[in-house]
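I have placed the structure first, in the form of structure tokens, so that the comments after it can refer back to it.
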Amino acid sequence: MIKISHLKKAYPNVTPLKDVNVEIHKGAVISIIGPSGTGKSTLIRCINMLETPTAGEIWVDGECITDKKCNINKIRQKMGMVFQSFNLFHHMTIIENIMAAPMDLLGKSKQEAYEKGMELLRTVGLADKALNYPDELSGGQKQRVAIARALAMEPEIILLDEPTSALDPTMVGEVQAVIKDLAKKGLTLMIVTHEMRFAREIANRVFYMDEGGVYEDGTPEQIFDNPQKEKTIRFIKHLKVFETIITSKDFDFIGFNTALEEFGRKNQVAQRAILRSQAVFEELGVQIILPQLADEFKLSVALEYSQDEEALTMVLKYDGAPFDIKTSDNVLSLKLAQNASQSIEYAQCEGEGFTNLVTVKIK
Ligand SMILES: Nc1ncnc2c1ncn2[C@@H]1O[C@H](COP(=O)(O)OP(=O)(O)OP(=O)(O)O)[C@@H](O)[C@H]1O
Ligand SMILES: [Mg+2]
């Protein structure tokens, strides 16, 4: 139903979408999650051409909507959009808000638009508010009206951008319930949300956005229970991360240790765990890995802290030939590192310019 290929959107200072490639089938309910600024809103705004993509193509029902010859207004009628701020017309009553577009754009008679509008208001539980003005409604009620208004255009696809984030917490549930009903009716939905429980419950597919695109794509179970990629894992498990890349053998070792201590203080990591992670880095990073690396090298050090599990993990990635630290002659350093950790694992890795990966669970 929607096919996106090599979609890119660049602004003068940032390029939130670098290369997005996804296919969305009819009836799919997709939650779009990810850190702030990763292009979630930009993606759904591109899908109904509120933003003009810099490059790439978007196809909707076999029509290339990024093509200049495409009649975008016709395509937009297939797509309803619901925003964080409800964007209702304040000078019109609720029912007039819902009737306006079907009469103007679909050529419906007043009677037809009214009947359909009332039916939709009933489905969102607001028939008794038909003659009120938007300012007389609560936030949750306004958002339900905005959803009814989108539905009045009989769209096949509904795009929702953080539909509940501007609401008082007591009203989130009523709006989410309305959206869940839509999902059951077989409409194709794409919902950007920061509410993870909702994202999981409603969707049959989840896009985790990061690094300029859909970074990981899977079922809710895959993304929430068993994410595979580094950034997804960090996001889902709320990991606090300290990360640095070392490219010189005479890097500032003392400064590095100070930065680790600061990270520990800021995130309330037990002090002894930080001391152990410093010891692990000194033995594995400085004594074993650095001497093996070429003059020009790249060594990434990340310390990930899970507040939920009070677990601290160090991830070392480095380039060059495959080198398993456990085969090092430096038995003493290896032993010292093992004493400070629960487990040390080595693997070869691909991507981002690194070839070796060491994961250490700090004691
Ligand atoms: N019209 C614009 N002009 C310039 N930059 C923009 C514009 N719209 C968005 N951006 C930038 O593009 C990046 C992605 O923005 P976007 O709104 O898509 O993020 P998001 O994932 O929806 O974030 P959030 O979760 O905070 O809503 C941000 O760095 C933002 O500042
Ligand atoms: Mg956004």
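Here the range 149-209 was treated as a single set of alpha-carbon atoms; its pair distances binned every 10 Å from 0 give 19, 59, 22, 0 percent.
Against the empirical 2.2 N^0.38 Å (N residues), the range 114-217 has a Cα radius of gyration ratio of 1.14. Only bridges with both residues in the range 2-228 count here: give the DSSP antiparallel percent, nearest 5. Close to 50 percent.
Given the Cα atoms of the range 156-278, and with Rh set as the inverse mean 1/r over their pairs in the Kirkwood sense, what is Rg to Rh to two decimals? Using only Cα positions, Rg/Rh for the range 156-278 is 1.13. When peptides 110-122, 213-225, 37-49 are ranked by their average number of other Cβ atoms within 10 Å per residue, the highest-first order is 37-49, 213-225, 110-122. The three principal axes of the C-alpha atoms in the range 259-319 carry coordinate ranges of 38, 17, 17 Å, sorted with the longest axis first.
Could you state the number of Å between the C-alpha centres of the range 308-363 and the range 166-225? The range 166-225 and the range 308-363 have Cα centres separated by 36 Å. Against the main long axis of the alpha-carbon atoms of the chain, helix 169-184 sits at an angle near 80°. Among THR188, THR123, THR244, the largest mean-square fluctuation in a Gaussian network model of the chain, built with springs joining Cα atoms closer than 10 Å, belongs to THR244. Here's how it looks for ILE158: its modeled amide H is under 5 Å from those of GLY80, THR188, LEU189, MET190, which are all 5 or more places away or on a different chain. Could you tell me how many degrees, from 0 to 90 and to the nearest 10, lie between the Cα long axis of helix 139-152 and the main elongation axis, the longest principal axis, of the Cα atoms of the chain? In the chain, helix 139-152 runs at an angle near 70 degrees to the longest axis.
Identify the trypsin sites (Lys or Arg not before Pro) of the range 246-281 meeting these criteria: DSSP loop state and at most 12 other C-beta atoms within 10 Å of the C-beta. For trypsin sites (Lys or Arg not before Pro) across the range 246-281 that sit outside H, G, I, E and B with at most 12 neighbouring Cβ atoms in 10 Å, the list reads LYS249. Only aspartates and glutamates eight or more places from LYS68 in sequence, or on another chain, were considered; those with a Cα closer than 20 Å are GLU51, GLU57. The magnitude of the dipole of the range 25-175, with charges of +1 and -1 set on the Cβ of Lys/Arg and Asp/Glu and taken from the Cα centre, is near 240 debye.
Distance from the Cα centroid of the range 230-253 to that of the range 122-148 is 47 Å (rounded to whole angstrom). The percentage of C-alpha pairs in the range 237-362 whose separation is greater than 26 Å is 15%. Amide H to amide H distances under 5 Å link GLN307 with LYS240, where only residues 5 or more positions off or on other chains count and H is placed in the peptide plane. Per residue, the convex hull spanned by the alpha carbons of the chain comes to 165 Å³. For LYS129, a cut-off of 19 angstrom between C-alpha atoms picks up these lysines, skipping any fewer than 8 places away in its own chain: LYS110, LYS116, LYS142. Residue by residue, the range 201-211 carries 3J(HN,Hα) couplings of 5, 7, 8, 10, 8, 10, 9, 9, 9, 5, 6 Hz when phi is fed to the Karplus relation 6.51 cos²θ - 1.76 cosθ + 1.60 (θ = phi - 60°); x denotes Gly or Pro.
For ASP181 and ASN132, the difference between the fully extended length at 0.36 nm per residue and the C-alpha to C-alpha distance is 15.2 nm. Is any residue of the range 231-255 close enough, with backbone N under 16 Å, to a label point placed 7 angstrom from the Cα of VAL14 along the Cα-Cβ axis, and if so, which? Once the point is set 7 Å along Cα→Cβ of VAL14, nothing inside the range 231-255 turns out to lie under 16 Å by backbone N. Peptides 127-133, 313-319 ordered by packing proxy, namely the average of other Cβ atoms within 10 Å per residue, highest first: 313-319, 127-133.
Can you tell me the dipole magnitude for the range 237-362 around its Cα centre, using point charges on the Cβ only (Lys, Arg +1; Asp, Glu -1), in Debye to the nearest 20? The calculated dipole for the range 237-362 is roughly 400 debye. Only helical runs count toward this figure. For the chain, summing -39,500 (n - 2.57) over DSSP H runs of n ≥ 4 and dividing by all residues gives -10000 deg cm²/dmol at 222 nm.
No lab work stands behind these numbers, since they all come straight from the coordinates. Note that the structure is predicted; figures quoted are calculated from it, not measured. A quick note on method: Cβ atoms are made from the backbone with ideal geometry, for glycine too, and the neighbour counts reach across all protein chains shown.
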